[in-house]
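The values are calculated or read from the model by the stated rules, or taken from the named source; none is laboratory data. Worth saying up front: this structure is predicted, and the values here are computed from it rather than measured. With ideal geometry, Cβ positions are generated from the backbone for all residues, glycine too; neighbour counts draw on all protein chains shown. When the accessible area is computed, the model is the full protein with side chains, heavy atoms only, and any ligands, DNA or RNA have been set aside. Shrake-Rupley method; radii C 1.70, N 1.55, O 1.52, S 1.80 Å.
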Amino acid sequence: MKQLISIILLTGLLAWHPVAPTASAFDNFVISGRVTSFEESLPLEGARVVVKGGPNATGTQADGTFSLLLAPADSVLLVSLSGYEPKEIKTSPKYKQYEIVLQRKNN
């Protein structure tokens, strides 16, 4: 009987293995940053920060800061504000903080 119980326990231990999380569980990450003007080096409030081709977007606060959830790991941000040239920023999971500088449009 002890041998049968040992075999059942051993079989259960061999059959049980933790399920590894899928790669997609780790694709999402949060970045933050600050958007400033090139000419004055002042924070830009209300700049739109959008994930290109995705639904995630946000705007900058009074101090020019933002945070945004990205997925997949390699995304492109589109940063725009009326009166300024739009900018595209390639992101990487290696970097969680971005300093983005926008230049005024030449009208």
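Give me the pairs: first residue in segment 37-49 and more than 14 Å from Ser80 (Cβ to Cβ), second residue at pLDDT 95 or above and open to solvent by 100 Å² or more (accessible area, probe 1.4 Å), beta-carbon distance under 8 Å, and six or more apart or on different chains, which are they? Note: pairs meeting the criteria are Phe38/Arg104; Glu39/Arg104. Per the conditions (1) open to solvent by less than 40 Å² (accessible area, probe 1.4 Å); (2) touching a strand residue (DSSP E or B) at 6+ places or on another chain (Cβ under 8 Å); (3) at pLDDT below 95, the sole criterion not satisfied by Tyr95 is (1). Restricting attention to segment 50-68, the residues being modelled with pLDDT of 90 or more and either part of a strand (DSSP E or B) or open to solvent by less than 50 Å² (accessible area, probe 1.4 Å) (or both) number 11. If I ask for residues that are surrounded by 11 or more Cβ atoms within 10 Å (Cβ to Cβ) and not in a loop (DSSP other than H, G, I, E, B), which ones from segment 69-92 would you list? Leu69, Leu70, Val76, Leu77, Leu78, Val79, Ser80, Tyr84, Lys87, Ile89, listed by residue number.
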